[in-house]
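Colleague: A single structure is presented below for examination.
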Amino acid sequence: MEEVLVPIFFLGSVLAFPLLRRQMIHRHRLEVLRLAGLRQPEASAPAIQGDSAAELALGLPEPHRLYALALLCRLHDALEGGPLDAHSSYLIRQARAEYLPATLRAYLNLTPAARARLNERGQSAETLLGEQLELINAGVAGALGQNHASADQLLTQGRFLGERFETVGGRVRA
């Protein structure tokens with residue numbers, strides 16, 4: 001029995017370590033952001049008016065907070081990960097700098113009257129926020145799934161070869 005349990009335990013610990021390490025880093029970053037928010041003087045603007053998506057995400061209710069922070073991490077990893085074509089890079093930068101913060105700011109700035117108006121229409125603010133975060137996530141996934149750079153490079157190479165060989169063909173015929 002020990003011959004089976006020891007290798008299983010070893011493999012489990014090898015596979016689980018990166019996941020646990022990632023979770024601990026994430027929790028540490030959240031704690032650092034939370035402490036940084038507590039150290040701000042009272043006279044400063046509220047966190048809702050902050051420009052950082054991470055600061056805004058900390059003000060969200062729990063399921064949306066984790067989703068927004070995960071999305072922010074995905075955007076950061078996509079920009080730092082590798083070469084992107086111009087279209088994908090632009091879309092991801094815009095999502096990180098404008099779309100996500102604007103969505104979070106719109107939710108956090110809802111007044112009780114605005115929430116009541118949404119409830120009268122049969123919509124909840126939390127559901128709308130979740131849908132908008134999913135739209136941003138789907139857009140980022142689409143941008144990462146497309147590789148415009150390869151297609152552009154192939155088209156450019158085709159134009160270059162066409163021009164090169166048309167010139168050579170024109171000389172031979174003349």
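The values are calculated or read from the model by the stated rules, or taken from the named source; none is laboratory data. Every value quoted in this text rests on a predicted model; they were computed, and no experiment measured them. For neighbour counting, all protein chains shown are included, and Cβ atoms are generated from backbone atoms with ideal geometry for every residue, glycine included. Surface areas here come from the heavy atoms of the whole protein model, side chains and all, with no ligands, DNA or RNA. Shrake-Rupley method; radii C 1.70, N 1.55, O 1.52, S 1.80 Å.
Colleague: Work out from phi, with θ = phi - 60° and the Karplus expression 6.51 cos²θ - 1.76 cosθ + 1.60, the ³J(HN,Hα) of each residue of the range 107-117, listed in order in whole Hz, and give x for Gly and Pro.
Modeller: Listing the rounded values in order: 5, 5, 8, 5, 8, x, 5, 5, 5, 5, 5 Hz.
Colleague: Shape call for the range 57-152 from the C-alpha gyration tensor, a ≥ b ≥ c root eigenvalues: rounded (a/c under 1.5), prolate (a/b greater than b/c) or oblate? Walk me through the numbers on the way to the answer.
Modeller: Values: a/c = 2.98, a/b = 2.33, b/c = 1.28.
Taking the square roots of the gyration eigenvalues as a ≥ b ≥ c, the range 57-152 is prolate.
Colleague: Ranked by accessible surface with a 1.4 Å probe, highest first, in what order do Ile25, Ile136 come?
Modeller: Result of the area sort, largest leading: Ile25, Ile136.
Colleague: Something else now. Along Cα→Cβ, 7 Å out, is where each label goes; now give me the distance between the ones at Met1 and Ala113 in nm to one decimal.
Modeller: Taking the simple label geometry, Met1 and Ala113 are separated by 7.0 nm.
Colleague: Could I ask something else about it? Round to the nearest 10 and report in Å² the accessible area of His87, as given by a 1.4 Å probe over the protein chains' heavy atoms.
Modeller: Roughly 110 Å² of His87 is accessible to a 1.4 Å probe.
Colleague: Then there is this: How big is the accessible area of Thr127 in square angstrom, nearest 10, if you roll a 1.4 angstrom probe over the protein chains?
Modeller: 80 Å²
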